[in-house]
Structures are given as structure tokens and as C-alpha cells.
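See below for the structure under consideration.
The values are calculated or read from the model by the stated rules, or taken from the named source; none is laboratory data. Bear in mind the structure is a predicted one, so any value in this text is a computation, not a measurement. Cβ placement follows ideal geometry from the backbone for every residue including glycine, while neighbour counts extend to all protein chains displayed.
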Amino acid sequence: MGDMSNIRNIVILTGAGVSAESGIDTFRSAGGLWENHRVEDVATPEAFARDPNLVLRFYDARREAIQTKAPNPAHDALARLDAGWNGNLLLVTQNVDDLHERAESRRLLHMHGEHLNAWCSFCDTRHRWRAPLLDRPPCPACGSRALRPDIVWFGEMPYRMDEIYAALREVDLFVSIGTSGAVYPSAGFAQTARELGARTLELNLEPSQGSRMFHECRHGPASEVVPAWAEEMLAG
Ligand code: OAD
Ligand code: ZN
């Protein structure tokens, strides 16, 4: 992808495609989560107010499922790049699974929340959580039965946007991996990075909605294209 010698600061955005080969459903593909569930029924604050049991059951099932999955070569390659890259690197994931952590990525930020957290809407604390929430367990901090999934629902503000935009202001190379580019604000990061002078690269199974925004696109399964790219970066 041209001259890499002036690349020091990297921002990587990952989406569901990175975890697809670990056996975790994506959202928008055929057979994806949003084909079998209406977003408005399970992934909005209104849905939770209207039918909390339906929403809690949906996320309990997802939380249970991810605990049976394992990182794939794409997660591993991103962790190797993180460990070996001397410049700044920030991995911004839209994924709510913990596969980047389990692969041991360190410079990682979950902008859409985490399945393995419960958030108390009464005392505003977060707790590492592996069990179901449907039976309304008490909050470990305050005892109230007001725990909800720590997931950013449609209509809610993604987490840590200040840190993300601060990293984008310094970025030399922005890489989008396994995301359809259908959801904002993350879908706008490539354009922002590009306007600020960064090179932009898309790694995805197929061209995404935003492919035109990238200087370069490489298409193929994440387990192949991500390790190949990461090794290239580490080789300098
Ligand atoms: P999508 O399901 O919208 O897109 C997944 C992308 O991954 C698609 O572009 C696929 O082509 C690609 N893909 C599938 N398998 C792949 C593979 N093996 N290797 C590489 N790419 C592959 O998922 P996201 O873009 O992550 O938000 O969705 C963004 C957000 O919308 C999610 O974080 C979620 C959802 O609603 C919340 O739940 C808050
Ligand atoms: Zn509490």
C-alpha cells in the first residue's frame, strides 16, 4: 500500500466480521441477528422499557453464546500487531464480545459496550457479569435490581468518543475490518481520518457500503487478510 515508512499512529476499527469465523453471528448478513430480530424489539431503550424480559432474554442468550467461542487468527494477529507496534495504536471495536481481550489485545476500546458487563441504572456502576440478568440479580454495589446489559442501544451515545476522535486527529493509517459501515458514528471514522490526512484501508469479506471512502480495499475472510496485513506492518 505504498510507502509505509511514515506510518506511526494506527487506528483500527473492527466489527462483527472479525468474530464471524469464531462462530458469532454478524448483524446484517443473511441469517444475521437483525434478520431474526427486529432492532426496535431488542436493541433500543424503548424496547427495554416496554418488554424488559424479551430484551434480557435476548442478551442473556448472546452472553452465554460468546462464552463458548474462541478468538480466531484475525484476533490473534491484531494482538500481535498491538504487542509489536512501537507507535500509537488504538483498536476501537464495535463488537460486544470479549474475543479481542482473550487474544490479548491491550490498546482496546469497546465503543458499543460489552456482553460481559452489567450496568446498574440505579447507582451507575458496572460489574463483570457472566450469568443471566433475566432473574433480576441484585447489583453488587447497591443491592437494587436494576442491572441492564452494558450495551449501547440504538438512540444511545457510543462510549469514549472523545478518546476515539483524539486518536483520529493523530492517525496516519486508519484500518476498518469486518464492518458493514451501516451504523454511525463509526461509519464516519474513515472519512474523518481521510479528511485529516490519514491513509485508509478496508479489510472485509466483500466491498462494504463505505468502500469508496478508502484508499485501498482488500477483500477476503478476516482470518486470512488480517494476519497478512499485520505481518506486513510488523515487517516494516
Ligand atoms: P454487520 O453485520 O453490519 O457487518 C459485518 C460485516 O462483516 C459485513 O460487511 C460482512 O461482509 C463482513 N464479514 C462477514 N464475515 C466476514 C469474515 N469472515 N471476514 C471478514 N469480514 C466478514 O456488523 P457491524 O458492522 O459490526 O451495534 O455492525 C455494526 C453495529 O451494528 C454493531 O456493533 C451492532 C449492530 O447493530 C450494536 O448492537 C450496538
Ligand atoms: Zn447499583
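Here is a check on your reading of the model: is N95 polar (S, T, N, Q), within 15 Å of ligand 1 (Cβ to nearest atom), surrounded by 15 or more Cβ atoms within 10 Å (Cβ to Cβ) and over 22 Å from G181 (Cα atoms)? Break it down stepwise before answering.
Details: polar (S, T, N, Q): yes; within 15 Å of ligand 1 (Cβ to nearest atom): yes; surrounded by 15 or more Cβ atoms within 10 Å (Cβ to Cβ): yes; over 22 Å from G181 (Cα atoms): no.
When the stated conditions are applied, N95 does not pass them.
Report, by residue number, each residue of the range 37-58 that is closer than 14 Å to A131 by Cβ and crowded, with 17+ Cβ neighbours inside 10 Å.
Scanning the range 37-58 gives a single hit, L56.
Looking at A79, is it away from ligand 2 (no atom under 16 Å from the Cβ), without any contact (Cβ under 8 Å) to a residue 40 or more places away in the chain and over 20 Å from S19 (Cα atoms)?
So A79 does not fit the description; no.
Which one is surrounded by the fewest Cβ atoms within 10 Å (Cβ to Cβ), of the residues in the range 98-118 that are assigned to a strand (DSSP E or B) and away from ligand 2 (no atom under 16 Å from the Cβ)?
Among residues in the range 98-118 that are assigned to a strand (DSSP E or B) and away from ligand 2 (no atom under 16 Å from the Cβ), the one surrounded by the fewest Cβ atoms within 10 Å (Cβ to Cβ) is L109.
Mind checking which residues of the range 160-210 are under 15 Å from N95 (Cβ atoms), touching a Phe, Trp or Tyr at 6+ places or on another chain (Cβ under 9 Å) and small (G, A, S)?
S176, S180, A182
Only one residue in I24, I12 is of a type in the set (V, I, T), touching a residue at least 60 places away in the same chain (Cβ under 8 Å) and either closer than 29 Å to S121 by Cα or in a loop (DSSP other than H, G, I, E, B) (or both), so which one is that?
None of the others qualify; the one that does is I24.
Checking the conditions here, which among D82, D41, D60, D25 is farther than 22 Å from G197 by Cα, among the acidic types (D, E) and in contact with a Phe, Trp or Tyr (Cβ under 9 Å, 6 or more places away or on another chain)?
D41
Give me the strands (runs of 3 or more DSSP E) completely within the range 119-219, filtered to those with at least 1 residues that are of a type in the set (A, V, I, L, M), at pLDDT 95 or above and surrounded by 17 or more Cβ atoms within 10 Å (Cβ to Cβ), ordered by residue number.
Passing ranges, in order: 147-151, 173-177, 199-204.
Could you list all residues from the range 59-90 that are part of a loop (DSSP other than H, G, I, E, B), surrounded by fewer than 19 Cβ atoms within 10 Å (Cβ to Cβ) and either touching a Cys at 6+ places or on another chain (Cβ under 9 Å) or not polar (S, T, N, Q) (or both)?
Correct list: K69, A70, W85, G87.
Look at D97 and say whether it is touching a residue at least 40 places away in the same chain (Cβ under 8 Å), of a type in the set (D, E) and touching a Ser or Thr at 6+ places or on another chain (Cβ under 6 Å).
yes
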